Amino acid sequence: MRGKYVLSALAAILVAIPTFLAEADAVADPAKSWDKHYTLWLQVSAVIWVFVTVLLLYIIFKFKRKKPDQVGEYIEGNLLLEIMWTVIPAIIIIMLGAQSWALFNEFRNVPAGAYEVNVEGFQYGYEIKYNEGIKTLNELVVPTGPVKLTMTSRDVVHNFSLPDYRIREDMVPGRTTYLWFNAVKPGEHKVWCAELCGTGHYLMMARVVVKSKEDFAAWIAEHKSGAANASPLEQGKTLVEGSGCAACHSLTGEAGAGPSLKGIFGRAVQFEDGASITSDETYIKQSITDPKVKVVKGFQSMMQPYTMTEAELDSVVEYLKTVK
Ligand code: CUA
């Protein structure tokens with residue numbers, strides 16, 4: 001009877017699934033589990049597709065009408081077949097559902113002892129703040145092992161997408177979201193924003209640099225001392241570079257989404273309302289902390305206010321004086 005072959009084929013699939021899932025890792029690695037899960041769904045789908053297609057082709061040719069007036073055979077039903085095509089798909093779906101739930105939990109439960117770092121999205125970049133007191137822009141440096149990202153946004157909704165680790169999550173203003181991944185070995189990985197967030201959305205990219213535990217400790221030590229010993233000019237340069245200003249304000253003279261910073265200090269500036277001034281310290285500081293007040297002629301008011309201390313603002317002005 002044909003039902004027997006169907007049953008044994010499907011039994012083979014069901015036996016294969018637990019074998020496939022058996023090898024568990026000591027330390028969770030959601031990216032690896034994701035790939036396993038994806039492969040499993042692909043295999044189950046492929047087997048079902050082949051089964052249905054072969055059966056369909058067989059039936060098309062086998063039961064083709066032989067004479068123009070031939071009438072089909074009347075079949076009441078087949079209890080065994082009906083039970084099989086209800087129970088077997090139900091078992092497959094429940095298994096895949098249970099597996100999905102386990103995978104979801106792996107992605108959402110951060111293991112204890114993960115390295116924690118804060119990421120803030122803005123138009124158009126990522127500011128990364130380390131608990132050790134360091135900031136970087138568009139470069140997330142982490143040690144090997146589990147890493148937890150605590151994320152928010154300065155302006156609009158962005159999305160932190162890290163495909164190599166099979167993760168992405170929205171970065172929402174006024175809210176904190178999180179992600180974690182297991183940085184198994186040293187290397188570099190691409191990050192991009194996966195939420196249309198403005199005209200510079202396509203520019204919003206970063207990279208994750210995974211360093212060995214020793215290299216990471218050395219990197220932290222180096223950057224900590226670098227930040228403490230820097231002159232106001234150097235601090236200003238780091239702030240301008242680290243705040244993503246250049247995404248909209250070029251340092252080379254070309255206009256971007258905002259006016260270029262080249263020669264900004266002492267330059268004659270015309271505003272949308274017709275007024276004009278010579279750019280000075282007060283104007284530059286106001287343009288950072290309250291950019292909506294004076295909008296330069298020919299540009300749209302797109303910039304969000306930045307929070308900086310008076311000392312930080314002074315150092316930014318010191319640096320901008322040198323950008324000529
Ligand atoms: Cu940020 Cu797209």
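Just so you know, all these numbers are worked out from the coordinates, no wet-lab data involved. What you see is a predicted model, and the numbers here were worked out from it, not measured in a lab. Neighbour counts are summed over all protein chains in view; Cβ atoms, including those assigned to glycine, are modelled from backbone coordinates with ideal geometry.
Using R₀ = 30 Å, calculate the FRET efficiency as 1/(1 + (r/R₀)^6) where r is the Cβ-Cβ separation of E139 and Y178; round to 0.05. Display every interim value, and only then the final one.
Numbers: r = 20 Å, r/R0 = 0.66.
With R0 = 30 Å, the Cβ-Cβ based efficiency is 0.90.
Before rounding to the nearest 500, sum -39500 (n - 2.57) across all DSSP H runs of length at least 4 in the chain and divide by the residue total; then give [θ] at 222 nm in deg cm²/dmol. Walk me through the intermediate numbers first.
Numbers: 7 runs with 133 residues, N = 324.
When only DSSP H runs of four or more count, the value is -14000 deg cm²/dmol.
I want to check the label-to-label distance for E310 and K129. Put each point 7 Å from Cα in the C-beta direction and report it in nm to one decimal.
Calculated label separation equals 2.2 nm.
Name the long-range amide H neighbours of K148: under 5 Å, sequence gap of 5 or more, or other chain; modelled H, no Pro or chain starts.
Y115, E116, V117
For a quick check: with amide H placed at 1.01 Å from N, whose amide H comes under 5 Å from D280's, ignoring anything fewer than 5 positions away on the same chain?
G266
Principal axes first, then extents: for the Cα atoms of the range 195-282, list largest minus smallest coordinate on each axis, whole Å, largest first.
Reported extents, whole Å, longest axis first: 57, 37, 19.
Less than 11 Å Cβ to Cβ from H37, Lys/Arg counted +1 and Asp/Glu -1: what total charge do the surrounding residues give?
Once positives and negatives cancel, what remains is +1.
Give a residue-ordered list of calculated ³J(HN,Hα) values for the range 44-61 (Karplus: 6.51 cos²θ - 1.76 cosθ + 1.60, θ = phi - 60°; whole Hz; x for Gly, Pro).
Using θ = phi - 60°, the values come out as 4, 4, 5, 5, 5, 4, 5, 4, 5, 5, 5, 4, 4, 4, 4, 5, 4, 7 Hz.
Among I167, I220, I48, which one shows the biggest mean-square fluctuation in a GNM of the chain, springs joining Cα atoms closer than 10 Å?
I48
Read phi for every residue in the range 29-36 and hand back ³J(HN,Hα) as whole Hz from Karplus 6.51 cos²θ - 1.76 cosθ + 1.60, θ = phi - 60°, with x for Gly and Pro.
After applying 6.51 cos²θ - 1.76 cosθ + 1.60, I find 9, x, 4, 5, 5, 4, 5, 4 Hz.
What span do the alpha-carbon atoms of the range 40-103 cover on each of the three principal axes, reported in whole Å from largest to smallest?
The Cα atoms of the range 40-103 stretch 56, 24, 12 Å along their principal axes.
Could you tell me the convex hull volume per residue, in Å³, taken over the Cα atoms of the range 131-282?
Numbers: hull volume 22.5 nm³, N = 152.
Roughly 148 Å³ of hull volume per residue.
Output wanted: per-residue J couplings in Hz (rounded whole) for the range 152-166, from phi through Karplus 6.51 cos²θ - 1.76 cosθ + 1.60, θ = phi - 60°, x for Gly and Pro.
Rounded to whole hertz, the list is 8, 10, 7, 9, 10, 6, 10, 9, 7, 10, 10, x, 4, 9, 6.
Label point 7 Å out from K190 along Cα-to-Cβ: which residues of the range 137-157 have amide N under 20 Å?
Zone members listed by number: 137-142.
Could you work out the equivalent-ellipsoid semi-axes for the range 69-128, taking the square root of 5 times each eigenvalue of the Cα gyration tensor, largest first, in whole Å? Walk me through the numbers on the way to the answer.
Working: eigenvalues 595, 73, 5 Å².
Square roots of five times the eigenvalues give 55, 19, 5 Å.
Rg to Rh ratio, the range 268-324, alpha-carbon atoms and Kirkwood radius? Walk me through the intermediate numbers first.
Details: Rg = 11.6 Å, Rh = 12.0 Å.
Using Cα coordinates only, the ratio equals 0.97.
Using a 7 Å offset from the Cα along the Cα-to-Cβ direction at both K292 and F271, what is the distance between the two label points in nm, to one decimal?
1.5
Could you please state, rounded to a whole Å, how far the C-alpha centre of the range 255-278 is from the C-alpha centre of the range 147-201?
33
Estimate the FRET efficiency between S212 and L233 by the formula 1/(1 + (r/R0)^6), using the beta-carbon distance for r and 56 Å for R0, to the nearest 0.05. Could the numbers behind the result be given before it?
Numbers: r = 34 Å, r/R0 = 0.60.
So, using R0 = 56 Å, E works out to roughly 0.95.
So which of K190/K224; K135/K213; K224/K294; K213/K321; K32/K237; K148/K262 end up more than 30 Å apart, counting from Cα to Cα?
K224/K294; K213/K321; K32/K237; K148/K262
Apply 1/(1 + (r/R0)^6) to the Cβ-Cβ distance of N78 and N109, taking R0 = 56 Å, and write down the FRET efficiency to the nearest 0.05. The partial results should precede the final answer.
Values: r = 46 Å, r/R0 = 0.82.
It comes out at approximately 0.75.
Given labels modelled 7 Å from the Cα in the Cβ direction, how far is it in nm from T39 to A221?
Label-label distance for T39 and A221, simple model: 4.1 nm.
Can you tell me, using C-alpha contacts under 8 Å and at least 6 residues apart, the relative contact order of the chain as a whole percent? Can you show the working numbers first?
Numbers: 472 pairs, mean separation 41.3, N = 324.
Reported relative contact order: 13 percent.
Mind checking the full-extension length gain between A255 and E116? Use 0.36 nm per residue of separation minus the Cα-Cα distance, one decimal, nm. Each step should come with its number before you reach the end.
On the way: separation 139, 0.36 × 139 = 50.04 nm, distance 3.75 nm.
That pair, A255 and E116, stretches by 46.3 nm at full extension.
Compute the Kirkwood hydrodynamic radius of the chain, taking the inverse of the mean of 1/r over all pairs of distinct Cα atoms, and give it in Å to one decimal. Write out the running numbers ahead of the final one.
Values: mean 1/r = 0.0406 Å⁻¹.
It works out to 24.6 Å.
Enumerate the amide H contacts of E195 below 5 Å, restricted to partners 5 or more residues apart or on another chain; note that Pro and chain-start residues carry no placed amide H.
It is N159, by chain and number.
For the range 118-202, what is the Kirkwood hydrodynamic radius in Å, using each pair of distinct C-alpha atoms? Before the final figure, lay out the partial values.
Values: mean 1/r = 0.0767 Å⁻¹.
Kirkwood hydrodynamic radius for the range 118-202: 13.0 Å.
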